Amino acid sequence: MTREEIKQAQKDGKPMVWSDPLPIEGNDYTISHIEDLSKYDEFNDEEMEDIPLLIQYNDGGSEAEIFITEIKLKE
């Protein structure tokens, strides 16, 4: 997803998940918080792919630094 797609999903209340490349069985990867993306407005979408973002998942009980390309809409 792009930064704008994430912002729109947040605005629309659409749930997102972390597509963990090494998932742990039983974890809920639904994202409960993504750090404020507006602080990255100076970067284009391609540059954003290399910037780790801080998220909370697993009902807020876990944190991870992930790449924007690992964020997906929840199916």
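Measuring between their Cα centroids, segment 1-18 and segment 26-47 lie 9 Å from each other.
In whole angstrom, the chain maps to an equivalent ellipsoid with semi-axes of 20, 14, 11, each derived as √(5λ) from the alpha carbon gyration tensor and ordered largest first. If a spin label sat at a point 7 angstrom from the Cα of E63 along the line to its beta carbon, the backbone N atoms of segment 1-43 nearer than 13 Å would be those of 33-36.
Rounded to the nearest 20 debye, the dipole size of segment 3-73 about its Cα centre is 340 debye, using +1 on the Cβ of Lys and Arg and -1 on the Cβ of Asp and Glu. Across segment 3-73, the relative contact order, built from alpha-carbon pairs under 8 Å that are at least six residues apart, equals 36 percent.
In the chain, the longest principal axis of the Cα atoms and the axis of helix 3-12 are about 60 degrees apart. Taking trypsin sites (Lys or Arg not before Pro) across the chain, the ones in a DSSP loop with at most 11 further Cβ atoms lying within 10 angstrom of their Cβ are K74.
Taking the Cα atoms of segment 15-55, the ratio Rg/Rh between the radius of gyration and the Kirkwood radius comes to 1.03.
We did not get these values from a lab; they are worked out from the coordinates using the rules stated. These numbers were taken from a predicted model, which means no experiment stands behind them. Positions of Cβ are generated from backbone atoms using ideal geometry, with glycine treated the same way; all protein chains shown enter the neighbour counts.
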